[in-house]
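The next block holds one structure in the form of structure tokens; read it before the comments.
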Amino acid sequence: MWGFLKRPVVVTADINLSLVALTGMGLLSRLWRLTYPRAVVFDEVYYGQYISFYMKRIFFLDDSGPPFGHMVLALGGYLGGFDGNFLWNRIGAEYSSNVPVWSLRLLPALAGALSVPMAYQIVLELHFSHCAAMGAALLMLIARFL
């Protein structure tokens, strides 16, 4: 009855080092100096207003995108303790001390970082070569710098 205890337990793992390296480079490129500049940048003018509405418990529908996307961005503000009291009126406006810039930018940065290994995996799943998958992933990686 206890015969299974006499056999050793064997665990094997295949680790794709290319995928690990691409994930690391994606995270590094997207999270490096995430709070720089500590001022409003382009899309934050638009989406920051929606985040402030959700932080003040004002729910709305608009034609700029799905409400779930705005709510996910507001989740970053909520987790960082943002109270919604900031005027998102112009690009380049300095953030006040009550705006958790890092937590507001974290979720979009993670999505961008994980798009790098995802591009690699998608191209591999489409039965293209390893070189083609690396090329697609590297294009996603350098897209951050364009």
>> I want to check the label-to-label distance for R144 and F59. Put each point 7 Å from Cα in the C-beta direction and report it in nm to one decimal.
In response: 3.5 nm
> Each label point is 7 Å from the Cα along the Cα-to-Cβ direction; what then is the distance between the points at V11 and L34, in nm?
Replying inline: 2.9 nm
>> Can you tell me which of N98, N16, N85 moves the most in a GNM of the chain? Springs connect C-alpha atoms under 10 Å apart.
In response: N16
>> Pick from V45, V20, V11 the residue whose mean-square fluctuation is largest in a GNM of the chain, springs joining Cα atoms under 10 Å.
In response: V11
> Between V45 and E125, what FRET efficiency follows from the Cβ-Cβ distance if R0 is 41 Å, with the result rounded to 0.05?
Replying inline: 0.65
>> Given a Förster distance of 35 Å, report the FRET efficiency between R90 and L19 from their Cβ-Cβ distance, rounded to the nearest 0.05.
In response: 0.30
> Along the charge dipole of the chain, Cβ charges K/R +1 and D/E -1, which of S29, Y50, A74 sits furthest on the positive end?
Replying inline: S29
> Sorted by average packing, counted as other Cβ atoms within 10 angstrom per residue and highest first, what order do 130-136, 33-39 take?
Replying inline: 130-136, 33-39
> So which trypsin sites (Lys or Arg not before Pro) in the stretch 69-146 pass both tests, a DSSP loop state and at most 16 other Cβ atoms within 10 Å of the Cβ?
Replying inline: R90
> Tilt of helix 44-55 relative to the longest C-alpha principal axis of the chain, in degrees (0 to 90, nearest 10)?
Replying inline: 90 degrees
>> Explain nothing, just the number: relative contact order of the chain, from Cα pairs under 8 Å at least 6 residues apart, as a whole percent.
In response: 30 percent
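Laboratory data are not the source of any read-out in this text; all were calculated from the coordinates shown. This is a predicted model, so every value here is computed, not measured. Note that each Cβ is placed from the backbone with ideal geometry, even for glycine, and that neighbours are counted across all protein chains shown.
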